[in-house]
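Below you'll find the structure, written out as structure tokens, and then a few comments.
A short reminder: the numbers here are calculations on the coordinates, not readings from a lab. Given the structure is predicted, the values throughout are model-derived calculations rather than measurements. In this analysis, Cβ positions are derived from the backbone assuming ideal geometry, glycine residues included, and neighbour counts consider all displayed protein chains.
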Amino acid sequence: MTESILVVEDEVKIARLLQIELECEGYRVDIAGSGHEGLESYQNRQPDLILLDVMLPGFSGIELLRRIRLNDAHTPVLMLTAKGSVEDKVSGLDLGANDYITKPFQIEELLARVRAALRLASARTAAETVTDQWLKAEDLQLNETTREVIRAGRRIDLTPREFDLLVYLLKNKRQVLNREQIMTAVWGYDYYGDTNVVDVYIRYVRKKIDQGGQNELIHTVRGIGYVLKESQ
Ligand code: CA
């Protein structure tokens with residue numbers, strides 16, 4: 001698969017040089033000459049990597065980076081900065097640039113950095129595929145491997161027991177579960193307590209995941225037990 005690189009650089013000679021060198025390496029290259037063009041090209045082409053000059057007409061490379069990172073934490077961005085411009089480097093890295101290259105640059109070094117950034121990005125994508133075992137209901141997601149729980153982008157801390165309870169509910173989505181079933185599945189047979197503990201823990205989990213005006217996911221089924229279900 002040909003990897004694509006977006007070069008945002010207003011200096012025509014540099015842009016042209018980068019294009020030739022990168023195409024020689026087998027990349028597909030798009031050139032943009034301003035912040036606006038860069039943003040448009042980024043949105044249309046979804047490049048695998050962005051080489052981004054800081055000083056651009058229109059809005060700066062830093063501003064473009066900020067806009068890209070609003071929705072995209074992953075596409076590698078390598079900043080091209082003027083020599084000695086420490087502030088640009090710092091704000092670029094703060095905003096999520098992956099690396100920076102100082103102008104004037106050695107083309108071999110730039111190509112090596114590009115390869116490294118692309119390799120890192122594809123290794124991460126592969127790792128994410130492996131651990132991408134998310135249980136989901138609407139905007140709630142839970143990862144059994146990493147034990148992360150996220151609702152509407154917000155990370156939620158659950159105790160181990162609350163976590164197990166939520167896993168069980170999510171795995172049995174849309175099924176009405178009675179208290180004994182839940183007790184057995186989450187607490188195990190060796191627990192002879194009264195099933196009120198289920199109600200207590202349901203309340204804890206609800207409080208954490210269903211708070212803040214979000215759709216209720218855990219519903220009480222009167223006289224029977226509970227069900228986790230989406231609203232449509
Ligand atoms: Ca420039």
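Decide, for the range 4-129, between rounded, prolate and oblate: order the square roots of the alpha carbon gyration tensor eigenvalues as a ≥ b ≥ c, take rounded if a/c falls under 1.5, and otherwise choose prolate if a/b is larger than b/c, else oblate. In terms of gyration-tensor shape, rounded.
Taken about its Cα centre, the chain carries a charge dipole of about 840 debye when Lys and Arg each add +1 at the Cβ and Asp and Glu each add -1 at the Cβ.
Each semi-axis of the equivalent ellipsoid for the chain is √(5λ) with λ an eigenvalue of the Cα gyration tensor; in descending order they amount to 51, 17, 15 Å. Taking 8 Å as the Cα distance limit and 6 or more residues as the minimum spacing, I'd like the relative contact order of the chain as a percentage. Dividing the mean separation by the residue count of the chain yields 12 percent. Of the residues Val29, Phe59, Ile14, the one whose Cα sits farthest towards the positive end of the charge dipole of the range 4-129 is Val29 (charges of +1 on Lys and Arg Cβ, -1 on Asp and Glu Cβ, taken about the Cα centre). Other residues within the sphere of radius under 14 Å centred on the Cβ of Glu230, judged by their own Cβ, net out at +1 (K and R +1, D and E -1).
When the charge dipole of the chain is built from unit charges on Cβ atoms (+1 for Lys and Arg, -1 for Asp and Glu) and taken about the Cα centre, the candidate among Ser122, Phe105, Val176 whose Cα reaches farthest toward its positive end is Val176. Number of Lys-Lys pairs in the chain with C-alpha atoms under 22 Å apart and a separation of 8 or more places or on different chains: 17.
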